[in-house]
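Undergrad: Pasting a structure below so you can have a look.
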Amino acid sequence: MSERRRICFVLPSLNGGGAERAAVQVLNRLDAARWQRSMFLFERTGPYLADLDPSIELQSAPSPSRGQRWQALRRFIHDSKPHVVVAFLSYATALTAVRAAHTGARVVFNQQTPVTAFLADADFKWRAGWRRLAFTATTRLTYAAADLVIATSRGVADDLAANFGVSPDAIQIVPNPVDLDVVRVHAQAPLPDGAGFPGPGPLIVAAGRLAHAKNYPLLIEAMRILRETCPARLCILGQGELEPELRQQIARNHLDDAIVLMGFQHNPWQFMARAQVFALSSHYEGFGNVLIEAMALGVPVVATASAGTRDIVNHGVDGVLVEPHTAQAMAAALRQLVDHESVRVAMGRQAMRSAERFAAPAVIARYDSVLRGLAA
């Protein structure tokens, strides 16, 4: 057997986001006989901590100070000497700490979202004025210094090349893996007592952090329009800082009996499986794991068109892509599926087949090939 290569994934935390979930899934599934695996967190927090394989070495910074986090990562890289370090977020911090450790480790950035769209996010403080110029310049320098960028979709890769000067030769497109078997098994679990679904009518489910990027106000407004002709109901899974504003919008539009915010759910699939339609209303997505998960359960999806969703949804075949991003267009797309069972069923069947493209074994094999080639 060939020598095991050492690999370290670096993240701010394991809070409930798509990047964090993808990092845990990939590192868990890399063959322990081929890889000596470790993970470094700036904060040892988040729901996905419980999902990390116990055989993976887990280290974290002892202090919330940014400087001390950097020093702790540099020391860990110096002592553990990984061949490859994969950064999910906090790219500049990870890159500079690894280079300062002087071990010769190769540095990979895992890019989950299109950076240009991220700069338009209202939650991002560096999106305007001199801050935007500084961010753009730093991004160009940082990405040029990385050994490889793994992009989750063609749209993410094209954005890096066109707007931040990243050479296409330095980018590999590898989607996030989805454990379809786990999704389908967990989907069969009974709903928890007092699940709190809204009243009778066709069920639409959405899932994701309650943040600006997910554009839930658009989905809520689309529900207001849809409810004028259809008694549909909406269940939103996720938590976040915009919850008070969303609750106000729901109340203002007299939708309390139609829309329920259910918070973070460790098993969202038991809710998805009971939906007639899964909806995603994001301003942008670099990939969209939840779309694959819903499709794997035979649930057709309605998603706003963006860099990541275009790689997943075959419009009119296994789901509907919404362009432009307006409440009227979203309501019309939802109505197309809610009102026509034969269309919904046909799309759901095709969605199950389409989801197989992202099954974990094939994606992890791709990761293994890319990372071992870099480590060599």
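Undergrad: So which residues in the range 102-121 are small (Gly, Ala, Ser) and in contact with a strand residue (DSSP E or B) (Cβ under 9 Å, 6 or more places away or on another chain), if there are any at all?
TA: Of everything in the range 102-121, just one residue is small (Gly, Ala, Ser) and in contact with a strand residue (DSSP E or B) (Cβ under 9 Å, 6 or more places away or on another chain), namely ALA105.
Undergrad: Here's another thing I want to ask about it. For VAL10, only one of the following conditions fails: (1) part of a loop (DSSP other than H, G, I, E, B); (2) within 17 Å of ALA146 (Cβ to Cβ). What is its number?
TA: (1)
Undergrad: Of everything in the range 30-73 that's surrounded by 19 or more Cβ atoms within 10 Å (Cβ to Cβ) and among the charged types (D, E, K, R), which residue is nearest to ASP181 (Cα to Cα)?
TA: ARG37
Undergrad: So, one more: Can you tell me which residue is modelled with the lowest pLDDT among those in the range 351-376 that are under 29 Å from GLY104 (Cα atoms) and in contact with a strand residue (DSSP E or B) (Cβ under 6 Å, 6 or more places away or on another chain)?
TA: Applying the filter and picking the extreme gives ALA375.
Undergrad: Starting from the range 343-359, take each residue that is within 11 Å of VAL299 (Cβ to Cβ) and list its partners that are of a type in the set (Gly, Ala, Ser) and in a helix (DSSP H, G or I), counting only C-beta distances under 6 angstrom and pairs at least six apart or across chains.
TA: ALA355/ALA296
Undergrad: Take HIS266 and tell me if it is surrounded by fewer than 16 Cβ atoms within 10 Å (Cβ to Cβ) and under 20 Å from MET330 (Cα atoms).
TA: no
Undergrad: Something else now. What tally of residues in the range 73-122 results from selecting those that are part of a loop (DSSP other than H, G, I, E, B), closer than 22 Å to THR152 by Cα and not polar (S, T, N, Q)?
TA: So the answer is 5.
Undergrad: How many residues, within the range 249-269, are without any contact (Cβ under 8 Å) to a residue 60 or more places away in the chain and either over 27 Å from GLU293 (Cα atoms) or in a loop (DSSP other than H, G, I, E, B) (or both)?
TA: 9
Undergrad: Right, next: Filter the range 91-125 for residues that are of a type in the set (D, E, K, R), out of contact with any Leu (no Cβ under 9 Å at 6 or more places or on another chain) and either within 22 Å of LEU30 (Cα to Cα) or modelled with pLDDT of 85 or more (or both) and give the result.
TA: ARG99
Undergrad: Looking at the range 252-261, can you tell me whether even one residue there is within 25 Å of TYR48 (Cα to Cα) and not aromatic (Phe, Trp, Tyr)?
TA: The answer is yes, given that some residue of the range 252-261 is within 25 Å of TYR48 (Cα to Cα) and not aromatic (Phe, Trp, Tyr).
Undergrad: Further question on the same structure: Which residue, of VAL338, VAL343, is in contact with a Pro (Cβ under 6 Å, 6 or more places away or on another chain) and of a type in the set (Val, Ile, Thr)?
TA: VAL338
Undergrad: Evaluate the following for VAL302: is it crowded, with 23+ Cβ neighbours inside 10 Å, over 19 Å from the mean Cα position of the chain (by Cα), under 14 Å from LEU203 (Cβ atoms) and at pLDDT 95 or above?
TA: No, not satisfied.
Undergrad: Considering only residues that are within 18 Å of GLU20 (Cα to Cα) and surrounded by fewer than 21 Cβ atoms within 10 Å (Cβ to Cβ), look in the range 75-90 and name the one that is modelled with the lowest pLDDT.
TA: Residue satisfying both the conditions and the ranking: LEU89.
Undergrad: Let me ask you something else. Would you confirm whether or not the range 71-85 contains a residue that is in contact with a Phe, Trp or Tyr (Cβ under 6 Å, 6 or more places away or on another chain) and of a type in the set (A, V, I, L, M, F, W, C)?
TA: yes
Undergrad: Among the numbered criteria (1) in contact with a strand residue (DSSP E or B) (Cβ under 7 Å, 6 or more places away or on another chain); (2) within 21 Å of ALA305 (Cα to Cα); (3) in a loop (DSSP other than H, G, I, E, B), which single criterion is violated by HIS283?
TA: Of the numbered conditions (1) in contact with a strand residue (DSSP E or B) (Cβ under 7 Å, 6 or more places away or on another chain); (2) within 21 Å of ALA305 (Cα to Cα); (3) in a loop (DSSP other than H, G, I, E, B), the odd one out for HIS283 is (1).
Undergrad: Does LEU237 count as out of contact with any His (no Cβ under 7 Å at 6 or more places or on another chain), closer than 26 Å to VAL24 by Cβ, modelled with pLDDT under 90 and of a type in the set (A, V, I, L, M)?
TA: no
Undergrad: If only one of GLU43, GLU57, GLU3 is free of Cβ contacts under 8 Å to residues at least 60 places away in the same chain, touching a strand residue (DSSP E or B) at 6+ places or on another chain (Cβ under 6 Å) and not polar (S, T, N, Q), which one is it?
TA: Going through GLU43, GLU57, GLU3 in turn, the sole match is GLU57.
Undergrad: Pull up the range 349-376, narrow it to residues that are aliphatic (A, V, I, L, M) and over 22 Å from TRP35 (Cα atoms), then point me to the one that is surrounded by the fewest Cβ atoms within 10 Å (Cβ to Cβ).
TA: Among those residues, the one meeting the criterion is MET352.
The values are calculated or read from the model by the stated rules, or taken from the named source; none is laboratory data. Computed from a predicted model, the values in this text were never measured in an experiment. We place every Cβ from the backbone using ideal geometry, glycine too, and count neighbours over all the protein chains shown.
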